[in-house]
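Undergrad: Please find one structure pasted underneath; my questions will follow.
Derivation of every value follows stated rules applied to the coordinates shown; laboratory data play no part. None of the values given here were measured: they were computed from a predicted structure. All Cβ positions, even for glycine, are placed from backbone atoms using ideal geometry, and neighbour counts span all protein chains on display.
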C-alpha cells in the first residue's frame with residue numbers, strides 16, 4: 001500500500017494527499033456518485049493544479065478571461081451612458097452568482113488537458129454543447145438568484161437612504177460615509193452572503209460534473225450539496241479563496257478577472273475530480 005501511495009504521489013499534487021482520504025459518502029442509494037472526504041487544506045492543491053492548467057493553456061485561459069473582462073467593461077459603460085451607475089455595485093457583487101456558469105469553458109479546457117485532447121478557444125466557447133439542456137436549466141436557476149439579489153439591493157437602498165438614486169459623484173459618499181452606510185452595508189452583505197452560500201452549495205462541483213458526465217441537473221446539484229455538507233471545512237476555505245481571487249479581479253477594474261477567473265475555473269475542475277468519485 002505504501003508503494004502505491006508513493007507512486008501515485010508523483011502524478012500530481014492532488015495525488016500526494018491521497019493517503020489522507022477517509023471513506024467515501026454515497027450521494028444516493030445507488031453506487032455512484034460518491035463523495036470523498038478530504039482534509040481542510042485540500043483547496044491549496046486545487047489552486048496549484050489550476051495554475052498548472054493555466055500555464056499549459058495560457059492563450060486559451062487568458063483569452064477566455066479577457067472576454068469576461070470585455071463584457072464587464074461594456075456593461076459598466078452601458079450603465080454609465082444610461083445613468084444607471086448606481087446599479088454597478090449590486091451587479092458587480094452579483095457576478096459571484098453567475099460566475100460558476102461563465103467558467104464552463106475553463107472546465108472543458110481542463111477536461112481536455114487531462115484527457116490529452118487539443119484545447120482551443122473555440123472548444124472552450126462551445127463547451128455548453130456537451131450537456132446543453134441541463135446546463136441551461138442550471139443557468140436559469142443561477143440567473144434567478146442573480147435577479148433576486150439585484151432586486152433585494154434595489155429595495156434596500158430606499159429603506160436606508162432618502163432622495164433620488166445617487167449619481168457617480170456622490171455615490172461613494174452616500175454608500176460609505178453617511179450615517180446609514182454601516183447598517184446598509186451590513187444588511188446587504190448578510191443577505192448577499194446567504195444567497196451566495198446557497199449558490200456555492202449547489203454549484204461547487206455541479207457544473208464540471210455536467211460537463212464531464214451524462215447526468216441531470218438534479219443529480220449534479222445534489223452531488224454538489226452533499227460534497228459541501230460533508231467537506232464543509234475544506235469547502236469553506238475554498239469559498240473564501242474564490243471570493244478573494246474574484247474580488248481582486250473585480251476591484252482591479254475588472255482587468256484582474258483575466259487571470260483570476262481562469263485560475264479559479266481550472267481549480268474548480270480539479271476540485272470536482274478530487275471530491276466526486
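Undergrad: Given bins 10 angstrom wide, list per bin the percent of all Cα-Cα distances in region 72-113, short to long.
TA: Whole-percent P(r) values from 0 Å outward: 26, 36, 24, 12, 2.
Undergrad: With N denoting the number of residues in region 102-198, provide Rg(C-alpha) divided by 2.2 N^0.38 Å, to two decimal places.
TA: Rg over 2.2 N^0.38 Å, computed on Cα atoms: 1.60.
Undergrad: Here is a follow-up. At what distance in nm do the modelled label points of residue 180 and residue 114 sit from each other, each positioned 7 Å from its Cα along Cα→Cβ?
TA: Output for this residue pair reads 4.9 nm.
Undergrad: With everything on Cα atoms, drop me the angle between helix 217-230 and the longest principal axis of the chain, reported from 0 to 90° to the nearest 10.
TA: Tilt of helix 217-230: around 90 degrees.
Undergrad: Now, a different point. Give the angle, between 0 and 90 degrees and rounded to the nearest 10, that separates the Cα long axis of helix 132-160 from the longest principal axis of the Cα atoms of the chain.
TA: The answer is roughly 30 degrees.
Undergrad: Which one is right for this structure if mean projected area of the Cα convex hull in nm² is calculated from it: (i) 15.7; (ii) 13.8; (iii) 14.6?
TA: From the options (i) 15.7; (ii) 13.8; (iii) 14.6, the structure gives (i).
Undergrad: Here's another thing I want to ask about it. Regarding region 124-277, what's the average projected area of the Cα-atom convex hull, expressed in nm²?
TA: Taking the Cα atoms of region 124-277, their convex hull projects to 10.6 nm² on average.
Undergrad: Summing -39500 (n - 2.57) over the DSSP H runs of n ≥ 4 in the chain and dividing by its residue number, what mean residue ellipticity at 222 nm do you reach, to the nearest 500 deg cm²/dmol?
TA: After summing the helix terms and dividing by residue count, I get -23000 deg cm²/dmol.
Undergrad: Something else: Roughly how many Å is it from the Cα centre of region 28-58 to that of region 202-277, as a whole number?
TA: Taking the Cα centre of each part, region 28-58 and region 202-277 sit 9 Å apart.
Undergrad: Could you put 115, 136 in order, starting from the residue whose Cβ has the fewest other Cβ atoms within 10 Å?
TA: Lowest count first: 115, 136.
Undergrad: Here is a further query. Just want to confirm a number: the relative contact order over region 209-277, from Cα pairs under 8 angstrom separated by 6+ residues, in percent.
TA: Taking the mean separation of contacting Cα pairs over the length of region 209-277, I get 24 percent.
Undergrad: OK, next. Tell me the angle of helix 181-203 to the major Cα principal axis of the chain, expressed in degrees between 0 and 90 and rounded to the nearest ten.
TA: Once rounded, one gets 30 degrees.
Undergrad: Can I ask one more? Using Cα-Cα distances under 8 Å and only pairs 6 or more residues apart, what relative contact order does the chain have, in percent?
TA: Rounded, it is 34 percent for the chain.
Undergrad: Can you tell me the length gained on complete extension of the stretch residue 189 to residue 255, counting 0.36 nm per residue apart and subtracting the Cα distance?
TA: Full-extension gain reported as 21.4 nm.
Undergrad: Once you put a point 7 Å from the Cα of residue 147 and another 7 Å from the Cα of residue 77, both along the Cβ direction, what distance in nm separates them?
TA: The modelled label-to-label distance comes out at 2.7 nm.
Undergrad: For a distance above 15 Å, tell me the whole-number percent of Cα pairs in region 214-277 that qualify.
TA: Tail of P(r) above 15 Å: 58 percent of Cα pairs.
Undergrad: Using only Cα positions of region 25-135, each an equal point scatterer, no hydration layer, compute I(q)/I(0) via Debye at q = 0.11 Å⁻¹ and quote the log10 values to two decimals.
TA: Per q value, in the given order, log10 I(q)/I(0) is -0.53.
Undergrad: Springs between alpha-carbon pairs under 10 angstrom, Gaussian network model over the chain: which of 162, 233, 134 fluctuates most?
TA: Judging by the Gaussian network model, the answer is 162.
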